[in-house]
Amino acid sequence: MIWIGNFSLNEISLIIFNVIAYSIMFFLPKKLSREVTCISVLLGLTTGMMFDFTLGGGFLDFYRENDTNHYELFDLVYYSLFAPFGYFFMYFYNVLRINKITFIFYITAWSIIGITFQWISTLLHILTYQNNYQLSYSYPIFLLIQTLTGIYYVFITSNNSKNVS
């Protein structure tokens, strides 16, 4: 593992994104239970890392993160961004009171947010596509992940409210 390949715009951007995301996460009014907050952070982190390890490395190797195809310290900083996004997804699902009618719009909006952040990441050289991978290939993946996360959120909060009553 390389500690830091080349400290440049992508590393500076990752630090700034992390400071902003975690600041927003901690300063938002608390709307989720402690358990749901923990699950949302862990789910965002694990699903993001799982898909990045699958698509960005291993056999597929469709993109590289930061400066090299080898893991470095700032890859962990990049992965740490997945946690607040998982939290924001469930937080705003709760705040906006998403239901069966608005679910598809919410999933579509979050998929667009994911694609936009990935596009910004390519502009800042945080992600570099290779092996003919294109940004549009990520959209169905985001749709799938967001849909499953939304269904899971409904499942855990409906079971949580049943246990409280």
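Lys100 passes every criterion in (1) closer than 24 Å to Leu14 by Cα; (2) part of a loop (DSSP other than H, G, I, E, B) apart from (1).
Could you please find all residues in segment 30-80 being among the polar types (S, T, N, Q), assigned to a helix (DSSP H, G or I) and at pLDDT below 80? Scanning segment 30-80 gives a single hit, Thr54. Residues being crowded, with 16+ Cβ neighbours inside 10 Å, among the hydroxyl-bearing types (Ser, Thr, Tyr) and under 19 Å from Phe155 (Cα atoms): count how many of those fall in segment 87-117. So the answer is 4. Any idea which residue in segment 130-146 is modelled with the lowest pLDDT, counting only those that are touching a helix residue (DSSP H, G or I) at 6+ places or on another chain (Cβ under 7 Å) and not hydrophobic (A, V, I, L, M, F, W, C)? Within segment 130-146, the match that is modelled with the lowest pLDDT is Ser138.
Of the set (1) surrounded by fewer than 16 Cβ atoms within 10 Å (Cβ to Cβ); (2) within 22 Å of Lys31 (Cβ to Cβ), all apply to Leu123 but (2). Just to be sure before I move on: is Thr149 assigned to a helix (DSSP H, G or I), modelled with pLDDT under 90, polar (S, T, N, Q) and surrounded by 13 or more Cβ atoms within 10 Å (Cβ to Cβ) in the structure I sent? No; evaluated as a whole, the condition is false for this residue.
The values are calculated or read from the model by the stated rules, or taken from the named source; none is laboratory data. None of these values were measured; they are calculated from a predicted model. Neighbour counts are summed over all protein chains in view; Cβ atoms, including those assigned to glycine, are modelled from backbone coordinates with ideal geometry.
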